[in-house]
Structure formats: structure tokens, C-alpha cells
1. Give me the net charge for the shell around A:Glu63: Cβ to Cβ below 9 angstrom, other residues only, Lys and Arg +1, Asp and Glu -1.
2. Check each of the GluC sites (Glu not before Pro) in segment B:4-77 and keep only those in coil by DSSP with at most 12 other C-beta atoms within 10 angstrom; list them in order.
3. Under 5 Å between amide H atoms, partner at least 5 residues away or on a different chain: which partners does B:Asn22 have, H built in plane at 1.01 Å?
4. Once you've got the Cα coordinates, tell me which of A:Lys96/B:Lys3; A:Lys73/A:Lys96; A:Lys74/B:Lys114 are over 32 Å apart.
5. For chain B, what is the calculated [θ] at 222 nm in deg cm²/dmol (nearest 500), taking -39500 (n - 2.57) for each run of four or more DSSP H residues and dividing by its residue count?
6. Determine by what factor the alpha-carbon radius of gyration of the protein assembly as shown differs from 2.2 N^0.38 Å, reporting the quotient.
7. Determine the shielding of peptide B:103-111 by partner chains: average, over its residues, the number of Cβ atoms on other chains within 10 angstrom of each Cβ.
8. Quantify how much of the Cα-Cα distance distribution of segment B:2-83 extends past 17 Å, in percent.
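The values are calculated or read from the model by the stated rules, or taken from the named source; none is laboratory data. Bear in mind the structure is a predicted one, so any value in this text is a computation, not a measurement. Neighbour counts run over all protein chains shown; Cβ positions are idealised from the backbone, glycine included. Just so you know, the surface numbers come from the protein's heavy atoms only, side chains and all, with ligands and any DNA or RNA stripped out. Shrake-Rupley method; radii C 1.70, N 1.55, O 1.52, S 1.80 Å.
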Protein chains: 2
Amino acid sequence: MEKAKDMLIEAAVNLGESLGLNRAVCQIYALLYLSNAPLSPTEIGKSLEMSKGNVSINLRILEQWNAVRKVWKKGYSRPLYTANEDIEMIIFDKLKTGIEKRLSYVKPIIMQVKNHKDRNLAASNEKFFARLDRIERLIGKIEFFLQNLDTIKAFTK
Amino acid sequence: MEKAKDMLIEAAVNLGESLGLNRAVCQIYALLYLSNAPLSPTEIGKSLEMSKGNVSINLRILEQWNAVRKVWKKGYSRPLYTANEDIEMIIFDKLKTGIEKRLSYVKPIIMQVKNHKDRNLAASNEKFFARLDRIERLIGKIEFFLQNLDTIKAFTK
DNA sequence: TCCCTTGTTTAATATGTTTTAAACTATCTT
DNA sequence: AAGATAGTTTAAAACATATTAAACAAGGGA
């Protein structure tokens, strides 16, 4: 049983790393996701053979992502932690906000370059501006795509 | 003009890093993408103030991704390089094969765990197996999504 | 053929990230 | 209140990756 959990946790790490996540974050989330009851940081650290500092840091990260949440057990003053199960949403939100942030940085730069385009240069740089246009269309597509992902998600349910 | 290129290259680096790409790869691709004519490794290195070793390594990576290609100019024995312009395809293919590879690693592990599920344990681990099912459905969704991305891409054109 | 230029490979350096160990803070138990 | 337990923060270490510098190989022109 524990062996199975370990294998699944390792698989989660493997998947998470392709999204640029670190090992600890994936391990902790997967452990909580597969646990029947909420766990304390100490239990997490013991189970994953990970320093408590590392548990603390990465639990905070997961909380910021809304991937885990505190559970207050009656009589206990310290919270336990449990996984929020809608990992689709978690992954999606993280990707979406990340991409949007990047695009909002790139877009004004392209605008700026296009507006500075002076007539003399333009002739000799036909190709250059054509490629800028192409990039702008791509950005438009990505934005369209993000706006519609919610719909698609619902559709595939 | 060169200033504009530098800004755009920097923006490309910024975008690329959110996909986990290194600086050099993004710079080289963006430079070739925005250049009117194919460039030699030496020219690339000079333009980006980057060692020729680094240019060489990362040009090879870009070639493997089909993101750039060699151009043989008459009379020259060494190739120049130019960007393949369909970066949507490049990004998409890279993401798609990456995700597929990861899923093909994870799927059999889940199968295995589910098949080992023995009756005694099963009762006490209702929740555990329910979550496994949930993950399996998620993987199914992702696969469906990937299979249909081509269609969606065409649709948004 | 010999040198000069160009490109590749490799080992070392530099940079960035993750993890831990240890100091610190807060909470709980007696 | 004192000692023990749990959690956070930080500085250092371990680790991974990217970049360069330098040795090497291949081709081009004298």
C-alpha cells in the first residue's frame, strides 16, 4: 500500500517537473491528495523524509496556489493540511495567469516597435514588420484560446 | 532599428522562459526570426554577444526542434541558419510530445496500483481509489484535449 | 602544404535553484 | 514557569543548468 503511494508520488513528481515545479511541492501535494486524512507538517516531513524547513516553505507555496488548505481539528491549536482536489483548476489557473502576465509584458513592446516604424525604414523592412504582424496574430490566438479554455473544460467533463 | 530588435529579442526570452527554455535558445531563435536574411553562427554570436560555443550548442537544439534550418548559399561550404516561421507548430509539438511522454509514464503506474487493489484493503481505502479514478479521468481529459488541439488551432486561424 | 578562419566539443566557471541545518519563535504539557 | 514539541526563517550546502574559454577538427585560400 505504501509502496503504491510512493510510486504514485514519484509519478506526480515526474509530471510536475514537466510544468517546471520542484520536487518537494509535487511530493507534498501528491501525498496530501492520496491521504485519507489531513496531515501535519511533521507527518509530511516524516513520510517524505524531508526536512521540516522544506515542508514549511513548500506548504506555503501550495497554499498560495490554493492547492492545499488548512484544516482546524477540534482541540488542536495547529492546523493540519489537506489537498484541494480540483487539480485541473489549480494547474489551469497557474498556467493561465503565468501566460497572461508574460503576454502583458510583450504586447506593449510590439506596439511600441510598430508605432515607431518610420516610412523610410519600412520599405526595406517589409519582412520584419510582416513577422511582427504574425507574432501579434499568434498572441491574439493565445488570448482567444485562454478565454475559451473554461468552456472547453466544461465541454470535456 | 537594432534597438527595436533587442527589445523584441528580450521579450522573446521573457516568453520563452515561461516555457522553461534557456536564454540563448530564445535569443537565437528570435534573432533569426526577425532577420531578413539567414545568418552564420559567427554573425549570431557577434550580434548577441555570446560565445561561439554557446551558439553552436543551442543552434543544434533548435535544429532538433525543427525551429531553425540550414540554408546552403551558393559557393559557400558552410551553412547559414534561418528560422522556421511556424512557431505555433514548434511550441505546440514540443508541448504535446512532452506531455504525452509524461502521461505514458504515469498511466501504467496507475493501472498497476488499481490492479493490485485487494478486496480487504479496498474497503478501508475507498477515498484513495476514488482519487485514483479522478486522476485517470483527468488524464483522459488531457489526452482528449491534445487530440483535438489541431482542430481547435485550425478553427482559430 | 601551411596558415587562417569557422565551427564543434570538452572541461571549467558562473549562475540559479532547491534542500538542509541550525537559530529562532510560538505553542503545549507538566 | 520550565522544559518539550512544532513550525518558521535564515544562512549555508548541495545540486543542477547555462555559459564560457580553450583545445580540437575541418575546410578554404595563399
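1. Numbers: positive: A:Arg60, A:Arg69, A:Lys70; negative: none.
Taking every Cβ under 9 Å from that of A:Glu63, the sum is +3.
2. Details: sites: B:Glu10, B:Glu17, B:Glu43, B:Glu49, B:Glu63; in loops: B:Glu49.
Listed in order of number, the matching sites are B:Glu49.
3. Hits under the 5 Å cutoff: none.
4. Values: A:Lys96/B:Lys3 30 Å; A:Lys73/A:Lys96 34 Å; A:Lys74/B:Lys114 34 Å.
Beyond 32 Å: A:Lys73/A:Lys96; A:Lys74/B:Lys114.
5. Values: 7 runs with 116 residues, N = 157.
Mean residue ellipticity, 222 nm, calculated: -24500 deg cm²/dmol.
6. For the protein assembly as shown, the normalised Cα radius of gyration comes out at 1.22.
7. Numbers: counts 4, 0, 5, 7, 1, 1, 7, 4, 0.
Shielding by partners across B:103-111 averages 3.
8. Numbers: 1396 of 3321 pairs.
Across segment B:2-83, Cα pairs with separations above 17 Å total 42 percent.
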